[in-house]
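Please read the structure below before turning to the comments.
Values in this text are rule-based calculations from the coordinates and carry no lab data. Model, not experiment: these values are computed from the prediction. Quick reminder, even Gly has a Cβ in these numbers, built from the backbone with ideal geometry, and neighbours come from all protein chains shown.
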Amino acid sequence: MKPDIFQAIADPTRRAILTLVAIQALTPNAMAEKFDMTRQAVSKHIKVLHECELITPEYSGREIYYHFNAKKMQEFDNWVAQFRQSWEIQFSQLDELLSTIKEQKK
């Protein structure tokens, strides 16, 4: 079964890879140099991110450069956005409650 975007971003290593690739396209070897794990382990993370379409490969001669797929991440952001207003209201209410409690203690 193909992993979904939530499974992909749940792993801290994959989130770190996404951050690196968002800054610039990297080869698997260049990515592996950034982590204290084997090249094969990094390749498994790359595979998950690629299957979820969060990164896309570009072939340049014998090298593969992976690019961040902002459009796919936008889909995720759109899904999260539906909850954002609710969170903001709840945080605002919590701020008001904490301010009230603080004022009552004075």
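In summary, the helical segments of the chain meeting the span-like criteria, namely a full DSSP H run, a Cα extent along the axis of 15 angstrom or more and a mean Kyte-Doolittle hydropathy of at least -0.5, are 12-23.
Comparing ILE64, ILE17, ILE55 in a Gaussian network model of the chain (Cα springs below 10 Å), the most mobile by mean-square fluctuation is ILE64. With 0.36 nm allotted per residue and the present C-alpha distance subtracted, the PHE6-PHE83 stretch has 26.2 nm of extension available.
Along the axis of the charge dipole computed for the chain (Cβ charges of +1 for Lys and Arg, -1 for Asp and Glu, origin at the Cα centre), the listed residues PRO3, LEU98, ASN78 are led at the positive end by PRO3.
Mean separation of Cα pairs under 8 Å and 6 or more residues apart, divided by the residue count, gives the chain a relative contact order of 25 percent.
Shown for the range 12-71 is the translational diffusion coefficient from the Stokes-Einstein equation, using the Kirkwood radius over Cα pairs, a temperature of 25 °C and a viscosity of 0.890 mPa s: 218 µm²/s.
Amide H contacts of LEU26: TYR66, each under 5 Å away and 5 or more positions distant or on a separate chain (H built 1.01 Å from N in the peptide plane; Pro and chain starts excluded). Highest GNM mean-square fluctuation among ARG39, ARG84, ARG15, for the chain modelled with Cα contacts below 10 Å: ARG84. Go ahead and set up a Gaussian network model of the chain, Cα springs under 10 Å, then flag whichever of ALA81, ALA25, ALA70 fluctuates most. Largest GNM mean-square fluctuation: ALA81. The alpha carbons of the chain occupy a box of 68, 29, 27 Å along the principal axes, longest dimension given first. Lys and Arg at +1, Asp and Glu at -1: add these up for the other residues within a Cβ distance under 12 Å of ASP95 and post the number. Counting the neighbours of ASP95, the net charge comes to -1.
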